[in-house]
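Read through the structure below, which is laid out as structure tokens, and then see the notes.
The values are calculated or read from the model by the stated rules, or taken from the named source; none is laboratory data. Computed from a prediction, not measured in an experiment: that's the story for all the values here. Ideal geometry is used to build each Cβ from the backbone, glycine not excepted, and the neighbour counts take in all protein chains shown. Keep in mind that these areas ignore ligands, DNA and RNA; they rest on the heavy atoms of the full protein, side chains included. Shrake-Rupley method; radii C 1.70, N 1.55, O 1.52, S 1.80 Å.
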Amino acid sequence: MTLPTPSAITSYQQVRRVLDAQLEADFCLPAGAIASAFERGKELLTAPRLDLEKMARHRRWWTRSHFEMRLGNYRGVTLLCATHPRVLQEVTQLLSGDAGNWVGDYSKLHRVNDFLSPYALQSSGTALFFTAGRALFDAPARQEPAGYTFTWLTAPLIETFRGDARFANALGFSKDRPDTQVLAAFHGGTPVAIAGASADSQLARQIGIDVLPQHRGKGLASYLVEHLAREVLTAGFVPFYGTSPSHILSQKVALNAGFEPGWYEYVSTSLLEVRTDDPAGGPEGRQA
């Protein structure tokens, strides 16, 4: 796939097309597979996992060991790629038809883990990803919360927050997925909330948010995430927001900021490649 120079994304339809292309790359599917599935009413797409060098260049840039199985549900279509043919076969049978819409249920995940164990595979976590909804194009922008000032942080200013655990969701400081656009809220000259977008692929930017406890409940998170998302769209990328399927407060921030549920994702890796020093909690989601 040859990627054009990014230009502003100005419609919800553009977002959908970019997401189709993004997930086709991430799940080792051929270009056009997702659009074809919607046209034909197909509920499950499968593919063997490709080596990293053979995956499309616009895949998301993962910093951890390459996945052994990636399972997701996108707008009602189940997406599955796996290394081992038997795992691919068993999970395909388990999630055929409407069953893929229930993949996040414990009973389904327990069965999936049963298929993985004989191959020394383990779950690396689950995530729910939100993407730009119609409100980011059709609704007026949110008003600034009163009593705060807002500043776009330059690279030198971003660097001053390295190692600051208070803003670990907003700023990743990853060599593979650098922080590209960062918006901060200040109160009395002190930073109290930060939203950051990282370059997770050639097509999309992931947004993370942190608000200090004493400043929560004042609309800062939704304002920062929405304002940052609009800037990401203007820059020509699709913003997305990853969190835990059980983190209701984080999901409310995404919804209030004009996002909508995009896709659910489950990832497994090899037990032989476990890193005991890896604090990550889900499949490349910020867990905001």
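Reported to the nearest whole Å, the Cα centre-to-centre distance from the stretch 181-206 to the stretch 86-163 is 18. Tell me the carbon and sulfur percent of the accessible area for the chain, rounded to whole percent, probe radius 1.4 Å. After summing per-atom areas, the C and S share lands at 52 percent. Assuming charge only on the beta carbon of Lys and Arg (+1) and of Asp and Glu (-1), the dipole of the stretch 42-100 about its Cα centre is about 300 debye to the nearest 20.
Give the lysines reachable from Lys108 as a straight Cα distance under 19 Å; neighbours fewer than 8 places away on the same chain don't count. Of all the lysines, none pass the test against Lys108 - Cα under 19 Å, at least 8 places apart if same chain. Note on the stretch 38-166: percent of Cα-Cα distances in each 5 Å bin, starting at 0 and stopping at the bin with the largest distance, equals 2, 7, 14, 15, 15, 13, 9, 9, 9, 6, 2, 0.
Annotation: Cα Rg of the stretch 19-112 relative to the compact-globule expectation 2.2 N^0.38 Å equals 1.04. Measuring nothing but how far apart in sequence close Cα pairs (under 8 Å, 6+ apart) lie, relative to its length, the chain scores a relative contact order of 25 percent. With Rh defined as the Kirkwood radius, the inverse of the mean 1/r over Cα pairs, the Rg/Rh of the chain is 0.97.
Over the stretch 98-245, Cα pairs under 8 Å with separation of 6+ residues give a relative contact order of 25 percent.
Can you tell me the accessible area per residue over the stretch 59-113, all protein chains present, probe 1.4 angstrom, in square angstrom? Don't skip to the answer; put the middle values down first.
Numbers: 2340 Å² over 55 residues.
I get 43 Å² per residue for the stretch 59-113.
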